[in-house]
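Accompanying notes for the structure given below.
Bear in mind these aren't lab numbers, they're just calculated from the coordinates by the rules spelled out. Because the structure is predicted, anything quoted here is derived from the model rather than measured. We place every Cβ from the backbone using ideal geometry, glycine too, and count neighbours over all the protein chains shown.
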Amino acid sequence: MSTLEENSTDRQGMNSGPSRSDRSAVRTALPGVYASLPDLVASQRRASGFSFLPRQPIHSLLAGRHASRLRGRGLNFEEIRRYQMGDDIRQIDWKVTARTRKTHSRVFTEERERTTLLLVDQRITMFFGSVKNMKSVTAAEAAALSAWRVLAQKDRVGALVFNDSKIEEIRPQRSQATVMRILHAIVEQNHELSVTGGTQANPGMFNEVLRHCDRLAKHDVLICIISDAYGHDEQSRQLLTRIAWHNDVLFAFIHDPLEVELPAAGRLVFSDGRQQLEVDTNNRGFRERFRATFAEERAAGRKFLLQRVTPVLPLSTSEDVAEQVRRQLGARLR
């Protein structure tokens with residue numbers, strides 16, 4: 001995929017180099033390698049069959065036990081009335097019940113709007129893919145689907161789009177113009193990715209965007225982190241715990257099949273742009289250790305997130321993003 005990008009760019013100019021518009025045209029012509037703004041806009045038509053609202057289909061990962069259920073919009077107190085069959089027992093007002101000797105419940109109504117904040121990773125570590133998409137493209141598509149779906153639910157949506165050097169903040173609003181600002185920011189950072197650009201991977205940006213999110217999201221916000229979690233550490237755990245204390249957090253974990261399991265393809269050379277490593281993928285023991293290490297790290301991260309009331313939505317670069325989201329968030333398959 002990276003070779004396609006380099007060859008196409010070379011054809012755009014020999015001496016002065018391609019302009020920004022030329023580079024954008026080249027990248028748009030490389031589906032799967034770079035995100036396309038028209039495609040992200042068109043994904044509005046596919047942003048259905050799933051929901052970020054608290055009421056979920058029974059087979060949605062958000063409808064599980066309390067460790068993975070979304071709180072929903074903020075609640076406003078309305079009244080105290082006699083308990084009715086089906087009321088949540090957690091809303092029983094025990095003082096009134098004791099005084100009247102009849103069970104009473106507190107009644108709350110949902111706020112009309114709820115804010116969703118998307119944290120969209122476009123770092124150089126996301127510029128990797130072995131089958132259908134780069135991880136960066138899968139993240140861009142997931143963010144677009146989420147933004148359009150939130151807008152359709154008449155809620156506010158904003159974003160923190162980040163790469164290895166900067167974070168672009170789009171303040172939450174309930175408007176199509178805001179969604180378009182989010183998509184433009186994603187595409188701009190996505191099109192800056194290149195194996196020849198000299199970008200250095202910055203693991204510290206993961207915690208930096210979490211700190212930014214902590215300052216921005218005060219309470220009752222749905223935080224959707226769309227990332228491969230590169231750079232997470234103990235400080236990440238502390239930040240996520242603090243954020244999840246007054247907000248909901250949904251983690252869309254972006255991964256590639258080649259990260260999960262190596263194929264038996266003989267001796268291969270891997271590089272991060274500075275160093276190279278040659279491995280024998282025909283070695284069955286090496287492949288099994290590779291697979292076990294990934295599974296162990298993913299399981300440990302998932303366990304922590306679930307303990308912090310954080311549902312995990314794994315998204316593979318090898319499958320259609322919309323279909324994966326619908327399947328895991330409870331759409332009825334035809």
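The table that follows gives values for the structure above.
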read-out: Order by protection proxy (mean Cβ within 10 Å, highest first), peptides 41-51, 203-213, 147-157; value: 147-157, 203-213, 41-51
read-out: For the range 215-222, Karplus couplings with θ = phi - 60° (6.51, -1.76, 1.60), whole Hz, Gly/Pro x; value: 6, 8, 9, 7, 6, 6, 10, 8
read-out: Amide H partners (placed H, <5 Å) of residue 104, local residues excluded; value: 83, 93, 97
read-out: For residue 157, distant residues with modelled amide H under 5 Å away; value: 116, 173, 174, 175
read-out: Extension gain, residue 48 back to residue 220 (0.36 nm per residue minus Cα-Cα distance, nm); value: 59.6 nm
read-out: Above-threshold pairs, the threshold being 32 Å between Cα atoms, out of 132/166; 102/154; 132/218; value: 102/154; 132/218
read-out: Integer Hz, Karplus 6.51/-1.76/1.60 couplings in order for the range 223-229, x for Gly and Pro; value: 9, 10, 8, 10, 6, 9, 6
read-out: Full-stretch length increase - residue 98, residue 234 - with 0.36 nm per residue and alpha-carbon distance subtracted; value: 44.4 nm
